[in-house]
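Structure first, commentary second.
The values are calculated or read from the model by the stated rules, or taken from the named source; none is laboratory data. Just so you know, these numbers come straight off a predicted model, no measurement behind them. Here the Cβ is made from the backbone with ideal geometry for all residues, glycine too, and neighbour counts use every protein chain on show. Calculation scope for accessible area: heavy atoms of the full protein, side chains included, ligands and nucleic acids excluded. Shrake-Rupley method; radii C 1.70, N 1.55, O 1.52, S 1.80 Å.
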Amino acid sequence: MKKLMTGNEAIARGAYEAGVRFASAYPGTPSTEILENLSTYDEIYAEWAPNEKVAMEAAIGASMGGARSMASMKHVGVNVAADPMFTFAYTGVNGGMVFVSADEPGQHSSQNEQDNRNYASFAKIPMLEPADSQECKDFLKLGFEISEQFDTPVMLRPTTRVCHSKTIVDCVDRVDVPIKPYVKNVQKYITVPAIAKKLRIKVEERMHKLAAYSEETPLNRVEYNDKAIGVIASGMCYYYAKEVYGDSVSYLKLGFTWPLPMQKIKSFCESVGKVIVVEENDPIIETAVKTLGFQPIGKDVIPPYDELMPNVLRQVLLDQALPLIDYARDKVVPRPPILCAGCPHRGFFYELGKRKNVAVAGDIGCYTLAFAPPYNAMDCNICMGASFSSGHGMQKVFNMIPGNEQRVVAVLGDSTFFHTGVNSLLEVVYNNSNTVCVVLDNRITGMTGHQENPGTGFNAKGEVASKANVEDVVRACGIQDVYVVNPNHLSEVKDALDKALASDAPSVIITRWPCVLKRMSAEEKQSFDNPFTTKCAVNVDTCVGCKLCIKSGCPAISFNKAIKKSTIDDAQCVGCGVCAQICPKQAIETK
């Protein structure tokens, strides 16, 4: 059976066909759809974890228990999951274990552009790099065989274009892999120094065996055409190069990329004239080629950042460019991303942006957009869960400066709070910080496309689950001053900010209102009094054209220059009422 699949869909299909029984993940572009698709297979237990570290740990435990298991995450998620991953590389597996690092050259939805191929060499584990959806499925299945054959976790590294592009996939039946018996083995799984020293030696022995495998596997293959030029590439870069050069050059396509097949690379380089290494981000393959004594064309010409799309390669390697449809660039209006009409974060950031002498420590989510006008209400963001702890450090330094009354407000979302924000909040409480911490609870993991989290009451398969209450967790951490507000009510937000900023004790503000795009349960509709059932409209007779409502940043509001009045798009408005509270003339009415 053949199907048109994205790489992420194909990875999920590969897990199904390989007999995987356990899968855990935290959502993050470009990896999110892997777990979403895994959850559709009844034979696989699939779960959203609070963060990538516990997803990795759960998959490790499932492997130790004897089942084929996997974890998936975006590239920065591996930073969070690295701690257990490095140690698991020492102990090895029982049931096969593969984890997916979905890397993002080009930083379409990420705060950095790290090259996670470095993790494979760093942790001393094998790595596979698929170039299309068929390879995503096939490589994942092979990954479990490699994992069990060599007693090691395996890393699968697709990139954004591989994850989201669609190609034909040949699907076959699932192989029912029985759960292996669990046998207590402290010499394998207890990593006290005396045992870990022995495991360290085992890792090196395994790397020698994997290096021999890398030379033999058909995942690394040579395609000879004209030998004047030889291109070495892995993953999607192989197809980028093929689109530029076609069959006019020879190729060494690498699919098993750590450890690298050094003898095969040497033989290929010796058989061609000029060698070109095409790889996104870091010069990992290029460095290996140079250690063999060759001088390839690589990062001296090819950019070490962004995606190496065919137009980029064509320009830097051939000094050519395909003809494009030209347009008047000065006529194009820049359209930066903005908070949706009815976004529950709007009212909070409107009020916060008016505060003077306040630094705002931000986090990763839709609310990061508050850094831009008209709010200008975010000063920095680092990584998931860092806002409370980085804000705490900033506040402590401000407090050291004599006469300085500058305050810090740190904000993050509900899913981010459960991800790593709880630990950060404990840092604030334990060290008696007067940082104002804010949890923007919109009842869902918004930025990545509405995945469930511990606070939503449902699991990855849509089943009813225990619901963690943000307020209860905050109080359990030791916070005494907790303010729960409706962010659409500006007076509540203002009052909560006034009280929190006036206090020298750690405090938490929880804004609670559902994401405007959320598919709500009947219980949620009732608890929020049936939201999104009204509209706002401008009374043109009352409106004086002061444009203050525009400062709400709502895309449903525009200013009609012809009549010098504001207007509200009825198709976008959901009646949150923030603009009506801003209007000094009460010219905005609810209907």
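Checking the stated criteria, Ile568 turns out not to satisfy the condition of being over 21 Å from Pro373 (Cβ atoms) and out of contact with any His (no Cβ under 7 Å at 6 or more places or on another chain). The criterion of at least 1 residues that are open to solvent by 20 Å² or more (accessible area, probe 1.4 Å) and over 18 Å from Leu339 (Cβ atoms) is met, among strands (runs of 3 or more DSSP E) falling completely within the range 351-444, by 358-362, 407-413. Residue selection: Asp319 satisfies the criterion of being out of contact with any His (no Cβ under 9 Å at 6 or more places or on another chain) and farther than 27 Å from Leu156 by Cβ. The residues of the range 40-61 that are closer than 23 Å to Gly7 by Cβ and open to solvent by less than 20 Å² (accessible area, probe 1.4 Å), listed by number, are Ile44, Ala46, Ala49, Glu52, Ala55, Met56, Ala59. Tell me, which residue of the range 537-563 that is within 22 Å of Pro373 (Cβ to Cβ) and charged (D, E, K, R) is surrounded by the fewest Cβ atoms within 10 Å (Cβ to Cβ)? For the range 537-563, the residue satisfying everything is Lys561.
What's the total number of residues in the range 196-232 that are of a type in the set (A, V, I, L, M, F, W, C) and closer than 30 Å to Pro84 by Cβ? The number of residues fulfilling the criteria is 9. Within the range 521-533, the residues that satisfy the criterion of being surrounded by 14 or more Cβ atoms within 10 Å (Cβ to Cβ) and either without any contact (Cβ under 8 Å) to a residue 60 or more places away in the chain or more than 28 Å from Asn469 (Cβ to Cβ) (or both) are Lys525, Ser527, Phe528, Pro531. Among the residues of the range 240-266, count how many are part of a helix (DSSP H, G or I) and touching a residue at least 12 places away in the same chain (Cβ under 8 Å). Total satisfying the criteria: 10.
Every test in (1) more than 21 Å from Leu35 (Cα to Cα); (2) open to solvent by 50 Å² or more (accessible area, probe 1.4 Å) is passed by Glu463 save one, and that test is (1).
Just to check your reading of the model, which residue among Arg346, Arg314 is farther than 21 Å from Ile509 by Cα, open to solvent by less than 40 Å² (accessible area, probe 1.4 Å) and either out of contact with any strand residue (DSSP E or B) (no Cβ under 7 Å at 6 or more places or on another chain) or outside any helix (DSSP H, G or I) (or both)? Going through Arg346, Arg314 in turn, just one is farther than 21 Å from Ile509 by Cα, open to solvent by less than 40 Å² (accessible area, probe 1.4 Å) and either out of contact with any strand residue (DSSP E or B) (no Cβ under 7 Å at 6 or more places or on another chain) or outside any helix (DSSP H, G or I) (or both): Arg314.
Just one of Cys546, Cys554, Cys576 is under 20 Å from Val485 (Cβ atoms), touching a Pro at 6+ places or on another chain (Cβ under 9 Å) and hydrophobic (A, V, I, L, M, F, W, C); which is it?
Selected residue: Cys576, the only one of Cys546, Cys554, Cys576 that is under 20 Å from Val485 (Cβ atoms), touching a Pro at 6+ places or on another chain (Cβ under 9 Å) and hydrophobic (A, V, I, L, M, F, W, C).
For the range 1-25, filtering for residues that are assigned to a helix (DSSP H, G or I), open to solvent by less than 20 Å² (accessible area, probe 1.4 Å) and either of a type in the set (Val, Ile, Thr) or within 16 Å of Glu36 (Cβ to Cβ) (or both) leaves 7.
In the range 25-34 there is at least one residue matching the filter, namely being more than 30 Å from Pro303 (Cα to Cα) and out of contact with any Lys or Arg (no Cβ under 7 Å at 6 or more places or on another chain).
Here Lys166 does not fit the description of being out of contact with any Cys (no Cβ under 8 Å at 6 or more places or on another chain), open to solvent by 10 Å² or more (accessible area, probe 1.4 Å) and within 20 Å of Gly95 (Cβ to Cβ).
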